[in-house]
Amino acid sequence: DVKVTQSSRYLVKRTGEKVFLECVQDMDHENMFWYRQDPGLGLRLIYFSYDVKMKEKGDIPEGYSVSREKKERFSLILESASTNQTSMYLCASSLSLREGHNEQFFGPGTRLTVL
Amino acid sequence: TQLLEQSPQFLSIQEGENLTVYCNSSSVFSSLQWYRQEPGEGPVLLVTVVTGGEVKKLKRLTFQFGDARKDSSLHITAAQPGDTGLYLCAGAYSGTYKYIFGTGTRLKVLA
């Protein structure tokens, strides 16, 4: 059974803290994604990685960075957390970008609250 | 950022009723996906449509891709409480990694 796991389901941090969100997939997928999900806004792409050490900015990268040192692991970093980064964060992976193989498998999400 | 507009935003119906959810955009997509997300979980893919006018069926769910590949609909026949969840459409542009997600339709089916 394919699996994407995220390190925490719930996280509470203070403004200015450095926050690490970890994501691991066991499917040997090339591509990994970080999204945030907010009511009425759908899922918005923060960063995308298509290979180890390779990354592309998504639609809302400001305030975030990412790290992919190993194929199975993709980390999202909030350098200095702010209250407007309170959100649900979803990690996803896909085998490829080719049609028919681009299904995204999502983790359960991390609900982050920044006080 | 181009969003896909979904309607209705919320829907509460009785078990056994039929419903249709719409996903609209001004952009043309190479493919469109529908996901269902249950509380506390990530979205799970239901179907991918790639050809304009394509219709796909998944048990009581019928998915249609618009002829111009700008819109899609999801029809549920005889809804069941197990259909409750957030339904998301996502459009993919050819040759890119970007998936544009819809705003979501939250469905509640009452027993």
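Things worth noting here:
- Test: residue in region B:67-81 that is of a type in the set (Lys, Arg), buried (at least 16 other Cβ atoms within 10 Å of the Cβ), on the phi > 0 side of the Ramachandran plot and more than 8 Å from chain A (Cβ to nearest Cβ): yes
- Against the conditions (1) at the interface with chain B (Cβ under 10 Å from one of its Cβ atoms); (2) open to solvent by 30 Å² or more (accessible area, probe 1.4 Å); (3) touching a Leu at 6+ places or on another chain (Cβ under 6 Å); (4) not acidic (Asp, Glu), residue A:44 satisfies every one except (3).
- Every pair of residues 6+ apart whose Cβ atoms lie under 6 Å, when the first sits in region A:1-22 and is within 20 Å of residue A:66 (Cα to Cα) while the second is basic (Lys, Arg) and surrounded by 11 or more Cβ atoms within 10 Å (Cβ to Cβ): A:10/A:111; A:19/A:13
- Restricting region A:30-40 to residues that are more than 7 Å from chain B (Cβ to nearest Cβ) and surrounded by fewer than 20 Cβ atoms within 10 Å (Cβ to Cβ), the residue that is farthest from residue A:90 (Cα to Cα): A:30
- Search result, residues across region A:81-93 that are under 30 Å from residue B:29 (Cα atoms) and surrounded by fewer than 23 Cβ atoms within 10 Å (Cβ to Cβ): A:85, A:87, A:88
- Sole exception among (1) in contact (Cβ under 8 Å) with a residue 60 or more places away in the chain; (2) more than 13 Å from chain A (Cβ to nearest Cβ) for residue B:101, by number: (2)
- Residue within region B:16-31 that is open to solvent by 60 Å² or more (accessible area, probe 1.4 Å) and under 14 Å from the mean Cα position of the chain (by Cα) present: yes
- Residue pairs whose Cβ atoms lie under 7 Å apart, separated by 6 or more positions or on different chains, with the first residue in region B:26-42 and farther than 16 Å from residue B:82 by Cα and more than 8 Å from every other protein chain (Cβ to nearest Cβ) and the second open to solvent by less than 10 Å² (accessible area, probe 1.4 Å) and among the hydroxyl-bearing types (Ser, Thr, Tyr), are B:32/B:72; B:34/B:87.
- Residue that is nearest to residue A:90 (Cα to Cα), among those in region B:43-66 that are within 11 Å of chain A (Cβ to nearest Cβ) and open to solvent by less than 40 Å² (accessible area, probe 1.4 Å): B:43
- Residue match in region B:5-15 (condition: aliphatic (A, V, I, L, M) and within 10 Å of chain A (Cβ to nearest Cβ)): no
- When region A:56-77 is limited to residues that are within 15 Å of residue A:94 (Cβ to Cβ) and open to solvent by 20 Å² or more (accessible area, probe 1.4 Å), the one that is nearest to the other protein chains (Cβ to nearest Cβ) turns out to be A:56.
The values are calculated or read from the model by the stated rules, or taken from the named source; none is laboratory data. Everything numeric here is computed off the predicted structure, so don't read it as measured data. Please note: Cβ atoms are built from the backbone with ideal geometry, for glycine as well, and neighbour counts cover all protein chains shown. The protein model used for the area step is the full one, side chains on, heavy atoms only, and it has no ligands, DNA or RNA in it. Shrake-Rupley method; radii C 1.70, N 1.55, O 1.52, S 1.80 Å.
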